[in-house]
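The values are calculated or read from the model by the stated rules, or taken from the named source; none is laboratory data. Quantities reported herein were computed from a predicted structural model and do not represent experimental measurements. Methodologically, a virtual Cβ is constructed for each residue, glycine included, from the backbone with ideal geometry; neighbour enumeration extends over all protein chains shown. In case anyone asks, the SASA skips ligands and DNA or RNA and just uses the protein heavy atoms, side chains included. Shrake-Rupley method; radii C 1.70, N 1.55, O 1.52, S 1.80 Å.
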Amino acid sequence: MPQRFWKGYLKLSLVTCAVSLLPATSENSKIRFHVLNRATRNRVESHYIDSVTGKAVAEEDEVKGYPRGENDYVLLEDDEIDAVALESTRTIDIDTFVANDSIDWIWYDKPHFLIAEDKVGMEAFCVIRDAMAASKVVGIARLVLYRRERAVLLEPAGRGIILWTLRYGDEVRTPDKALETKEKPDAESLSLMKKLVQRRTEKWSPALTEDPVENRLADIVEAKKQGRKKKPEPAKKPTAPTGGNVIDIMDALRKSVASQERRSK
């Protein structure tokens, strides 16, 4: 069970229950390396160096600066930055609901599991969750997470609720014009492409997201731990397309469908 990193209350009007947040994703299984001194095998430390004098800068002399011109900065002290940080509120107060299919995927940032903290609040938690599911809506609230106030989305999911942090408005770009095309494929090529898509469709599996580089690194690390040398397997080179830049789409589709049919036999 992931560790709870936030505890507080879920509130809708006068209905309140104690809840906690758990991270829905983790990178703990990723292989991480330390930088060592090859000669001594001791870990090395990083220090800030003055870009002009080349001398190390003591920690008490480090300060944050916002550029306003070439080699000209507005200096901000740590206490000035800390002063604008918001106090961590402990209440997720749902004040707005929107249709569950009205928010584009690009606004979704980071998912968290929201769970009832005790049996006393379980009834209130379930009522809020099931009411949203039945109404096909998601809740919108604001919450201080990671030292920033963020808009969050609450989405009923099975027996629980997924809380998504949402991206800030200035982080989301409008769709590029390259995504807007007026061209439409002819009926025959579309029919062939549908056949190809259908034959390559399979059930979703987390195995489809495996990281081959991570797996190869794990093999090398394990071999070295056991005193064996293992040469890294060379990555497979992608097959270069043939036929130049001009492609007969119909011919390519017919060959692709035929090849897929042979594999399925």
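Out of Lys224, Lys194, which single residue is open to solvent by 80 Å² or more (accessible area, probe 1.4 Å), part of a helix (DSSP H, G or I) and over 28 Å from Ser259 (Cβ atoms)?
When all the criteria are applied, what remains is Lys224.
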(message) Among the numbered criteria (1) within 27 Å of Arg142 (Cβ to Cβ); (2) touching a strand residue (DSSP E or B) at 6+ places or on another chain (Cβ under 6 Å); (3) not in a loop (DSSP other than H, G, I, E, B), which one does Glu80 miss?
(response) (2)
(request) Give region 48-72 a look and list any residue that's surrounded by fewer than 10 Cβ atoms within 10 Å (Cβ to Cβ) and either in a strand (DSSP E or B) or of a type in the set (A, V, I, L, M) (or both), or say none. (result) Val52, Ala58, Tyr66, Pro67, Arg68, Gly69, Asp72
(message) So if I check each of Thr16, Thr40, which one is open to solvent by less than 100 Å² (accessible area, probe 1.4 Å) and in a loop (DSSP other than H, G, I, E, B)?
(response) Thr40
(request) Being of a type in the set (Gly, Ala, Ser) and part of a helix (DSSP H, G or I) is the filter here, so list the residues in region 198-221 that pass it. (result) Ala207, Ala218
(request) Within region 59-75, identify whether any single residue is touching a strand residue (DSSP E or B) at 6+ places or on another chain (Cβ under 6 Å), under 17 Å from Ile140 (Cα atoms) and either among the small types (Gly, Ala, Ser) or at pLDDT below 90 (or both), and answer yes or no. (result) no
(message) Condition first: of a type in the set (D, E, K, R) and either surrounded by 14 or more Cβ atoms within 10 Å (Cβ to Cβ) or at pLDDT 95 or above (or both). Now tell me which residues in region 150-161 satisfy that.
(response) Arg150, Glu155
(message) Can you report the number of residues in region 167-186 which are open to solvent by 60 Å² or more (accessible area, probe 1.4 Å) and not charged (D, E, K, R)?
(response) 6
(message) Within region 230-237, does at least one residue satisfy the condition of being within 26 Å of Lys194 (Cβ to Cβ) and either exposed (fewer than 11 other Cβ atoms within 10 Å of the Cβ) or modelled with pLDDT of 80 or more (or both)?
(response) no
(request) Filter region 103-130 down to the residues that are free of Cβ contacts under 8 Å to residues at least 12 places away in the same chain and under 20 Å from the mean Cα position of the chain (by Cα), then identify the one that is surrounded by the fewest Cβ atoms within 10 Å (Cβ to Cβ). (result) Trp105
(request) Identify, by number, the condition in (1) in contact (Cβ under 8 Å) with a residue 60 or more places away in the chain; (2) surrounded by 19 or more Cβ atoms within 10 Å (Cβ to Cβ) that Trp164 doesn't meet. (result) (1)
(message) Can you tell me which condition Ile92 does not meet? The list is (1) surrounded by 13 or more Cβ atoms within 10 Å (Cβ to Cβ); (2) assigned to a loop (DSSP other than H, G, I, E, B), and all the others hold.
(response) (2)
(request) Filter region 244-261 down to residues that are open to solvent by 100 Å² or more (accessible area, probe 1.4 Å) and at pLDDT 75 or above, then give me how many there are. (result) 2
(message) Here is a list: Leu154, Leu75. Which entry is outside any helix (DSSP H, G or I) and without any contact (Cβ under 8 Å) to a residue 40 or more places away in the chain?
(response) Leu75
